[in-house]
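The values are calculated or read from the model by the stated rules, or taken from the named source; none is laboratory data. A quick note: this is a predicted structure, and the numbers were derived from the prediction, not measured. Glycine also receives a Cβ, built like all others from the backbone with ideal geometry; neighbour counts cover every protein chain displayed.
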Amino acid sequence: MSRYVLRRIGLALITLLLLSMLVFIGTQLLPGDVARRVLGPFATAEAVEALNARLGTDRPLVVQYVDWVGSALQGDLGQSITFSRPVTELLGRALVNSAKLATVAFVIVVPLALAGGVVAALRRGKLTDRIITVGGLSATVIPEFVSGIVLIIVFAIILDWFPSTATPPEGAGFLTQVHSLILPAIPLVLVLFGYIARITRAGVIEAIDADYTRTAILKGLPRGRVIRRDVLRNALLPTIAVIASQVGYLIGGLVVVEVLFSYQGIGRLIFDASQKKDFPLLAGGVLVIGVAFQVSMLLADLAYSWLNPRIRVGAKS
Amino acid sequence: MSEAAPKPILEVENLGIDYKIGTEWKTAIRDVSFTIDRQETFGLVGESGCGKTTVAMAIMHYLPRNGRVSSGSIRLAGRDLVDLSPNELRDVRVNQISMVYQNPSTALNPSIRIGAQVADVFELMGVPKDERSQRVIDILAKVQIADPARVVGRYPHQLSGGMLQRVVIAMAIASEPTLLVLDEPTTGLDATVEAEVLDLVSNLRDDIGTSVLYISHSLAVIRRMCDRVGVLYAGRLMAEGAAEAVFTDPRHPYTVGLLRSLPSSEIGRDEATLDTIPGFLPPLGADIKGCVYADRCAIAEDICRDVEPDLKPLTGNRFSRCHFPDRAPDLPRAVAAEPPVRQTETEPLVEISNVSKTFIQDGHPVYALNGIDLTIHVGETVALVGESGSGKTTLAKVLLGIDAPDEGSVITLSGEELAAEVRDRGQEDVGAVQMVFQNPDSALNRRHSVRRIIGRAVRLLRGVGRKPSDERTRDLLAEVRMGMEYYNAKPRHLSGGLKQRVAIARAFAGSPALVVCDEPTSALDVSVQAAIINLLAELQAEENVAYLFISHDLNVVRYLADRVAVMYLGRLMEVGPAKRVFGGPHHPYTEALLSAAPDLQEGARIRLEGEIPSASEPPPGCMFQTRCPRKIGEICETIEPDLVETEAGYSIRCHIPVAELGRLQATRV
């Protein structure tokens, strides 16, 4: 088990190293002359040179990369060009905001989707099952900007139940914050519900049809207990990994929702950075999302292997 | 002295079961009636698809979602089981009926410890909490699990198949049920483990006095375990009666056919072919006016096709659903008894010298093969026998070049050294050593037609173009006795036996000198198995090909093999002519294997304690000393005996002299 954990962590580190190279190449190298891009075609050659010198972009590439990674490891991702503030500070604040939105979305979608998947599986082939699977699938294909706009029009403008912007006023209490995040969370819930419910349904059906469930029923165990102990326990194992793999999406993939609800999350920050050619901010943001992805996948894998006796206890002894 | 006869425990009366296929209900079981008396063991036997498991599941009230009982009744101790409320049903399952299933490795919940799963049963029976763990340990001890206190803390994946089946049996007998249903409980287990499980079931049955419904495709197992048997065919009970009578003096052409398809220990492949049953099982729900077996029956007359016979009582308290039960014993053979004539050569073809294979698993070496020396001659059949884990399949893979053996291993084909890996072998060498797998379902590409499956092998192994390959494909189909109507068929349209014929045709695409057959008939029904064995024998006579035949079925080996090699933990323990190895004196391991094999004849048995040790930690001294019933002392534990040629062509690896083994073994028979 510990060997497995170490190997898994090692793999995550290698992935991050590769990611940092790609990010560096993508954001710092490919645009060519960084200062020229930042300053535009009409800037003087002297100004470009001076900016390149200030940004360190006149040095050899390897030196730049090593310098960038070295600083990043010490928690320094450089200065944002547009905001003239440390990238870490900007990202930190945005990350906290994104995490809040993701948490609200998660708290809503996970119980709903698990319950939906289980109910659909138990009513396999019946109307309830069709409604849940077809409804979930239909919701998944609605783009966030469509559902988001409809939600704003209906619930913020017509009914005025929720604010149309997700950013709460300064110093707002916990409930106010949650309240303002519910509306932006719903498009995410719609996207994720069908997916998680479907995976759950498949897992539950497999477990219901499994020989060990037959054994449990033919032992004379009550149905409720068979479902809780024999079916769900084995069915939800793979679902956990699927759910955790969505954490990365919820943290880094929310550009549309964040823009629509004018919410200062990390997705929007990266979007802005790329528009304003703020390369240090862009690189830092992508790297942070990469880390979030890796950490959530790692936790999912560890949770899975800890819950699965085949991996936890190992083979015959 | 007797007034009313005691009521039977289980009464199945005019049972009919349908399955919904698409939108139609199709009859799977029609009008099946039988009873099981107190403490009686009743066997249901028949080939796959005949409805055995369906009957069992109807009794357990656990038919698949698309199944329903359409008529009849099932009564357990007088109580009708078909119309029970959910609570009554649970009560019956807790206290009165238990079941043991075919596949023990999937029958237990993989994420719950053994102890907790067994404790459920006691909880349901109302045993107080503080007594349960002791009861669990007691019941595990009762099914002869060594060290039950340790086993309760294990998860299913940490136990072997034999151990898991004991756990399932423990759960089944914990409530001392009125009826125990066993559905192929030993299929898929090694013969040695099977023998142990069967002994265990017999003892427990006598001990707790339960009635048993025993379901199996194996006539030998049913014969051994059951007082009375019913023979199922296409959802009908064709024959019923005392096991002894049904198997020694069968009065239904189907039973006669089944028994004749079994290879017996008396007749070898050079004496006579195996008889087979022509044709196929009718499809589910087929509308048949007369006898369901008439199409395949050699003594059928017009009346058989028009009127379905009743299950008629015969002398000796038995029944037969046949218009002409008295003619059944004289059923004409379906295939000529004349065996194919073989060439007799003794030229060596493949020489395996000092072949070892060590796998590295989690940093530890696993010695799968250790110093194997074996010669296979042109046109002969060498059988490889031994329990799972003995290294049979590894040796096959090394021969085929799928796994490269360790340094120093040498394999030659007609005197030329064979490359270790198949990718380094020339087209001719690849074609010369081919394989037929156990499961034809997974060995054939489901998307390809028969023509494409065989044609591709022809082109690859002969390097010919499309046109000559088509020609050769047609020839090969004819050689495996398949008609041209299958030329463009996909595997899903073929029965198991036909698929295996296609697999055999593919192996013969490049005119092989050696075909490795890895359990080629163990997934097939007995009548199909007989036809495949006949085919292999005919092909061998025609093509003068050699077989390395891996099998756990010693009766098949005895019928087909010229020589036998017995493997244990990666070593050859005994090699010699089949007659000599089976006739004895044998190696103690061979002796145990032979006595474990279920046979239609009864005989005393040697029990093998425990399981085959792990190849990563082989025992010191003789590999077999940890389980050997004939161990003579310290020498066995410290010094590994050599494989010694004691007579021409016969070698044995044992410290006990052959003469002494002969003396010891003579007392058994």
How do the helices (runs of 4 or more DSSP H) wholly within the stretch B:220-327 filter down when requiring 1 or more residues that are in contact (Cβ under 8 Å) with a residue 24 or more places away in the chain and basic (Lys, Arg): which remain?
B:253-261
Determine which member of the set B:GLY209, B:GLY257, B:GLY235, B:GLY230 is of a type outside the set (A, V, I, L, M, F, W, C) and more than 22 Å from B:SER527 (Cα to Cα).
B:GLY209
Consider A:GLY284 against the criteria (1) closer than 27 Å to A:ILE14 by Cα; (2) more than 17 Å from the chain's Cα centre (by Cα); (3) buried (at least 18 other Cβ atoms within 10 Å of the Cβ): it satisfies all of them except one. Which criterion is unmet?
(2)
Of the conditions (1) surrounded by 16 or more Cβ atoms within 10 Å (Cβ to Cβ); (2) in contact (Cβ under 8 Å) with a residue 60 or more places away in the chain; (3) assigned to a helix (DSSP H, G or I), A:ALA207 satisfies every one except a single condition; which number is it?
(2)
Regarding B:ALA565, is this residue outside any helix (DSSP H, G or I), among the small types (Gly, Ala, Ser) and within 27 Å of B:LEU413 (Cβ to Cβ)?
yes
In this structure, does B:GLU609 turn out to be surrounded by fewer than 23 Cβ atoms within 10 Å (Cβ to Cβ) and not in a helix (DSSP H, G or I)?
yes
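What about B:VAL69, is it in contact with a helix residue (DSSP H, G or I) (Cβ under 9 Å, 6 or more places away or on another chain) and surrounded by 17 or more Cβ atoms within 10 Å (Cβ to Cβ)?
Details: in contact with a helix residue (DSSP H, G or I) (Cβ under 9 Å, 6 or more places away or on another chain): yes; surrounded by 17 or more Cβ atoms within 10 Å (Cβ to Cβ): yes.
The answer is yes for B:VAL69.
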Pairs only if they're at least six apart or on different chains, beta carbon under 6 angstrom, first in the stretch B:127-140 and of a type in the set (Lys, Arg), second not in a loop (DSSP other than H, G, I, E, B); list them, first residue then second.
B:ARG132/B:ALA119; B:ARG132/B:PHE122; B:ARG135/B:PHE122
Does any residue in the stretch B:165-184 that is surrounded by fewer than 24 Cβ atoms within 10 Å (Cβ to Cβ) come within less than 6 Å, Cβ to Cβ, of a residue that is of a type in the set (Phe, Trp, Tyr) six or more places away or on a different chain, and which pairs are these?
B:ASP183/B:TYR101
Would you mind finding the one in B:GLY401, B:GLY426, B:GLY363, B:GLY389 that is touching a residue at least 12 places away in the same chain (Cβ under 8 Å) and either out of contact with any Lys or Arg (no Cβ under 7 Å at 6 or more places or on another chain) or of a type in the set (Ser, Thr, Tyr) (or both)?
B:GLY389
Among the numbered criteria (1) part of a helix (DSSP H, G or I); (2) over 30 Å from B:GLY576 (Cβ atoms), which one does B:ARG447 miss?
(1)
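Out of curiosity, is B:ARG447 outside the structural domain of B:ALA507 (by TED's automatic domain parsing), of a type outside the set (S, T, N, Q), at positive phi and under 31 Å from the mean Cα position of the chain (by Cα)? Outline the logic, then answer.
On the way: outside the structural domain of B:ALA507 (by TED's automatic domain parsing): yes; of a type outside the set (S, T, N, Q): yes; at positive phi: no; under 31 Å from the mean Cα position of the chain (by Cα): yes.
Taking the combined requirement at face value, the residue does not satisfy it.
For the stretch B:98-108, name all the residues that are at the interface with another protein chain (Cβ under 8 Å from one of its Cβ atoms) and farther than 14 Å from B:VAL152 by Cβ. Even if it seems obvious, please write down each step before you answer.
Going through the stretch B:98-108, the residues at the interface with another protein chain (Cβ under 8 Å from one of its Cβ atoms) turn out to be B:98-99, B:101, B:103, B:106-108.
B:SER98, B:MET99, B:TYR101, B:ASN103, B:THR106, B:ALA107, listed by residue number.
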B:ALA141 fails exactly one of (1) in contact with a helix residue (DSSP H, G or I) (Cβ under 7 Å, 6 or more places away or on another chain); (2) buried (at least 16 other Cβ atoms within 10 Å of the Cβ); (3) closer than 29 Å to B:GLY389 by Cβ, namely (2)
Pairing a residue in the stretch B:613-630 that is without any contact (Cβ under 8 Å) to a residue 60 or more places away in the chain and in a loop (DSSP other than H, G, I, E, B) with any residue that is buried (at least 19 other Cβ atoms within 10 Å of the Cβ) and among the aliphatic types (A, V, I, L, M), where Cβ atoms lie under 7 Å and the two sit 6 or more apart in sequence or on different chains, gives B:PRO613/B:LEU569; B:MET623/B:LEU569; B:PHE624/B:MET573; B:ARG627/B:LEU608; B:PRO629/B:ALA592; B:ARG630/B:ILE656
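Going through A:THR215, A:THR176 one at a time, which residue ends up being surrounded by fewer than 16 Cβ atoms within 10 Å (Cβ to Cβ) and of a type outside the set (Lys, Arg)? Can you show your working first?
Details: A:THR215 fails: surrounded by fewer than 16 Cβ atoms within 10 Å (Cβ to Cβ).
Selected residue: A:THR176, the only one of A:THR215, A:THR176 that is surrounded by fewer than 16 Cβ atoms within 10 Å (Cβ to Cβ) and of a type outside the set (Lys, Arg).
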With criteria (1) buried (at least 21 other Cβ atoms within 10 Å of the Cβ); (2) within 14 Å of chain B (Cβ to nearest Cβ), A:LEU183 comes up short on (2)
Return yes or no: is A:VAL288 part of a helix (DSSP H, G or I) and over 30 Å from B:SER111 (Cα atoms)?
yes
Quick check, is B:ASP120 surrounded by 18 or more Cβ atoms within 10 Å (Cβ to Cβ), acidic (Asp, Glu) and closer than 28 Å to B:ALA58 by Cα?
yes
Among the residues of the stretch B:93-111, how many are out of contact with any helix residue (DSSP H, G or I) (no Cβ under 6 Å at 6 or more places or on another chain), part of a helix (DSSP H, G or I) and farther than 14 Å from A:LEU218 by Cα?
0
Considering A:GLY173, A:GLY148, which residue is more than 30 Å from A:ASP301 (Cβ to Cβ), in contact with a Pro (Cβ under 9 Å, 6 or more places away or on another chain) and assigned by TED's automatic domain parsing to the domain that holds A:MET297?
A:GLY148
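Can you tell me which residue among A:THR103, A:THR128 is free of Cβ contacts under 8 Å to residues at least 12 places away in the same chain and under 30 Å from A:GLU258 (Cβ atoms)? Reasoning before the result, please.
Working: A:THR128 fails: under 30 Å from A:GLU258 (Cβ atoms).
Only one candidate passes the filter, namely A:THR103.
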Breaking point among (1) of a type outside the set (Val, Ile, Thr); (2) at the interface with another protein chain (Cβ under 8 Å from one of its Cβ atoms); (3) under 23 Å from B:GLY188 (Cα atoms); (4) out of contact with any helix residue (DSSP H, G or I) (no Cβ under 7 Å at 6 or more places or on another chain), for B:PRO86:
(3)
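What helices (runs of 4 or more DSSP H), lying completely within the stretch A:71-162, carry at least 1 residues that are more than 30 Å from A:ILE208 (Cα to Cα)?
Per the criteria, A:87-122, A:144-151.
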Among the residues of the stretch A:166-203, write down those that are at pLDDT below 85 and under 17 Å from A:SER147 (Cβ atoms).
A:ALA166
